[in-house]
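The values are calculated or read from the model by the stated rules, or taken from the named source; none is laboratory data. If you're wondering where the values come from, they're calculated on a predicted model, not measured in any experiment. Cβ sites come from the backbone with ideal geometry, for glycine too, and all protein chains shown count toward neighbours. These area figures cover heavy atoms from the full protein model, side chains too; ligands, DNA and RNA do not enter into them. Shrake-Rupley method; radii C 1.70, N 1.55, O 1.52, S 1.80 Å.
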Amino acid sequence: MVPVIEVEALTRSFGPIRAVDGVTFQVYEGEVFGLLGPNGAGKTTTVRLLNGVLKASGGRARVLGIDPAADGCALRRRTGVLTETPSLYERLTARENLLLFGALYGIPEADLPRRVDRMLEWFELAERAEDRVGNFSKGMKQRLALARALLHEPPLLFLDEPTAGLDPEAARQVTDLIRQLSHQEGRTVFLCTHNLPEAQHLCDRVAVMDRGRLLAIGTLEELSRSLWGGFQVEVDFLEPPAVPVADALRLLPDVTDVRSEPLRLTVRVTGEATIPAVVEALVRQGARILRVSPRQPSLEEIYFEIRKEAQP
Amino acid sequence: MNGRTLLTIAVKDLKEVRQNRAAWIPALVVPLVVVVLLPVGLILIPGLFRATTISMTPLSADSGPIGMMRERVPALDRALVGLDEYQTWVVLMTGYLLAPFLLIFPLMFSTIVASESFVGEKERKTLEALVYTPASDGELFLGKALAAFVPAVLLTWTSFLVYGVAVNAAGWRVMGRIWFPPASWWPLMLWVAPAFAALGVAVTVLISTRVRTFMEAYQISGSLVLLVLMLVLGQVTGVLYLSAGMALSVGLALWLVDALLLYFGIRTFRREALLVGG
Ligand SMILES: Nc1ncnc2c1ncn2[C@@H]1O[C@H](COP(=O)(O)OP(=O)(O)OP(=O)(O)O)[C@@H](O)[C@H]1O
Ligand SMILES: [Mg+2]
């Protein structure tokens, strides 16, 4: 796996505040990498540092093989950024906005009008191309800002809360597009969000950040394994067991946690090999088992567990 | 420095200014009055008085304000030699006293555009996308500065042309020849006017780190017009006569101030500072 972004002990302070505090991670080519964290975690600051828009107070970064602090201009030619606010020129038309940024990104003049047309078409803005952006809805602005970020076909995309404030349909359009950019076109996507279901849906790997520090990083599986060890199975019953069965399970070696609901047990085990023993113990107590299924904790559970563990 | 980048930024800024009618329409109308109505009025009014036989002798008399001025400023005296009363009036008013008024243009225009492009852009929060482009800090600065400077100078020269036509045409019956512009106008237009345009840009850039809105910036930098009014006053009272030589020195002083202010302005104009605001 080729790292597209390599960051080591990256730090940026604003006065006494450490917005980014000794962060180390890598992002690989072609993946969707999610940076999660509450407001003020340092996500936007990280994006700025990685694009050479802000200078780091300490640490190192290499993005697409370039040091952002040393050669931000060359780097930014090859990155596309969807900023937190669309920051479009509202007094100009959609087409003027794209033409302007296309020129700034160095798209050849002969190519530019055609590419702008294609983008407008693709983002379903062609009919409104000559309208001033000030009259656009939030979703249209977001689509136009995305079009702007993609215009120069950058191999690396930074998307800072791409679906914030969009209605479910518009949000869905955007997430579908992100999947397509990554899976079909092979672009690397660096996604900042606090929308956990969305991150779960989109991201190959996530990092959780809070108050400038990186709390955890990995795939969902890696994270849940490191949080709880082993994995979880859900046992569904046809009818509530006549006797409490949970306590017997707790006595089994390699069972680390049991949560009980009337018709379901959630059992955490250290390895797959323990599952037959669990089923056996339940059957022995007369439980009528309907289904045993592995359970992957949601990103939301993982996220809150990580945040909980990070509490002092 | 990439020419296309500079041009793109400059054109973008001007397109944005174009939408702010409340700012540029007065800036166009007021000068139009100065350039056409004022000189034509000044030339024609004495004609009306003459018809009612009011004497114009104070104009050429050795005593009175104009006599004193001629005495104090020999160059002016030489320019007025051999002219009759009415001609003296025309040349004195439109050829000398009104001249510094035209310097309001480069200042007004450059401060309007610079306020829009340096402060208005911050106010509208569109910088965020701009700083993520490959354009360098220098290109961003220069593009914006050119958007304010070049049109201001071109508009000044256009108004100079219009003024010249108006003055020569309205004064034709009195003067009987094309007499405008006197030599002192050339350094004023080619040397001092661009220096005023640059001053408008430089001052706006400097205050842009401290103000939040276009209006604030425009009001502060717009007060530079006082400088021009001081020149007018100096001219009218005879304290400062804008001869060619004097114009050259005033221009030089302005350019030096410009250079100094721009030097500090460029230093504050970094991506980092634009975003962080400090
Ligand atoms: N220009 C600045 N000046 C001072 N402090 C700043 C500046 N930019 C960011 N910070 C501080 O740095 C911290 C991280 O901010 P950042 O914007 O990176 O967070 P974020 O994770 O993007 O938050 P959000 O989810 O709200 O967008 C915050 O405490 C913020 O107040
Ligand atoms: Mg943010």
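Below are the figures for this structure:
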quantity	calculated
Selection status of B:Gly251, touching a residue at least 40 places away in the same chain (Cβ under 8 Å) and of a type in the set (Gly, Ala, Ser)	yes
Out of A:Arg77, A:Arg95, sole residue that is away from ligand 2 (no atom under 16 Å from the Cβ), open to solvent by 40 Å² or more (accessible area, probe 1.4 Å) and in contact with an Asp or Glu (Cβ under 8 Å, 6 or more places away or on another chain)	A:Arg95
Residue check for A:Val27: modelled with pLDDT of 95 or more, closer than 17 Å to B:Leu275 by Cβ and either more than 13 Å from ligand 2 (Cβ to nearest atom) or not charged (D, E, K, R) (or both)	no
Helices (runs of 4 or more DSSP H) lying entirely in region B:212-278 (those with 1 or more residues that are within 16 Å of ligand 1 (Cβ to nearest atom) and among the small types (Gly, Ala, Ser))	B:271-276
Filter result (small (Gly, Ala, Ser) and more than 30 Å from B:Thr94 (Cβ to Cβ)) within region B:1-34	B:Gly3, B:Ala10, B:Ala22
Residue satisfying all of: in region B:242-278; closer than 30 Å to B:Ser184 by Cα and small (Gly, Ala, Ser); nearest to ligand 2 (Cβ to nearest atom) among these	B:Ala259
Tally of residues being over 15 Å from A:Asp204 (Cβ atoms) and open to solvent by less than 70 Å² (accessible area, probe 1.4 Å) across region A:165-175	5
In region A:80-106, the residues that are in a helix (DSSP H, G or I) and within 8 Å of another protein chain (Cβ to nearest Cβ)	A:Glu96, A:Leu100, A:Phe101, A:Ala103, A:Leu104
Subset tally (residues that are free of Cβ contacts under 8 Å to residues at least 60 places away in the same chain and more than 9 Å from chain B (Cβ to nearest Cβ)) for region A:62-79	8
Helices (runs of 4 or more DSSP H) within region A:169-265 that include 1 or more residues over 16 Å from the mean Cα position of the chain (by Cα) and on the phi < 0 side of the Ramachandran plot	A:220-228, A:246-250
Among (1) open to solvent by 10 Å² or more (accessible area, probe 1.4 Å); (2) at the interface with chain B (Cβ under 9 Å from one of its Cβ atoms) - the single one A:Ser57 does not satisfy	(2)
Looking only at region A:157-188, and only at residues there that are of a type in the set (Asp, Glu) and over 15 Å from A:Leu146 (Cα atoms), the one that is nearest to ligand 2 (Cβ to nearest atom)	A:Asp167
Selection count where residues are within 15 Å of ligand 1 (Cβ to nearest atom), surrounded by 16 or more Cβ atoms within 10 Å (Cβ to Cβ) and assigned to a loop (DSSP other than H, G, I, E, B), scope region A:1-54	6
Some residue of region A:219-229 being over 30 Å from A:Gly34 (Cβ atoms) and surrounded by 13 or more Cβ atoms within 10 Å (Cβ to Cβ)	no
Options A:Leu156, A:Leu125, A:Leu151, A:Leu112; residue that is in contact with a helix residue (DSSP H, G or I) (Cβ under 8 Å, 6 or more places away or on another chain), in contact (Cβ under 8 Å) with a residue 60 or more places away in the chain and more than 10 Å from chain B (Cβ to nearest Cβ)	A:Leu151
Region A:43-61 residues that are within 14 Å of B:Glu272 (Cβ to Cβ) and among the basic types (Lys, Arg), paired with ones that are open to solvent by 10 Å² or more (accessible area, probe 1.4 Å) and away from ligand 1 (no atom under 15 Å from the Cβ) (beta carbon under 7 Å, 6 or more apart)	A:Lys55/A:Ala69
Residue in region A:55-67 that is small (Gly, Ala, Ser), away from ligand 1 (no atom under 16 Å from the Cβ), farther than 23 Å from A:Val174 by Cα and out of contact with any Lys or Arg (no Cβ under 7 Å at 6 or more places or on another chain) present	yes
Top-ranked residue of region A:128-148 - restricted to ones that are within 14 Å of chain B (Cβ to nearest Cβ) and of a type outside the set (A, V, I, L, M, F, W, C), ranked as surrounded by the most Cβ atoms within 10 Å (Cβ to Cβ)	A:Arg148
Which listed residue is more than 11 Å from chain B (Cβ to nearest Cβ), at pLDDT 95 or above, more than 28 Å from A:Gly186 (Cβ to Cβ) and within 20 Å of the chain's Cα centre (by Cα), from A:Gly34, A:Gly42	A:Gly42
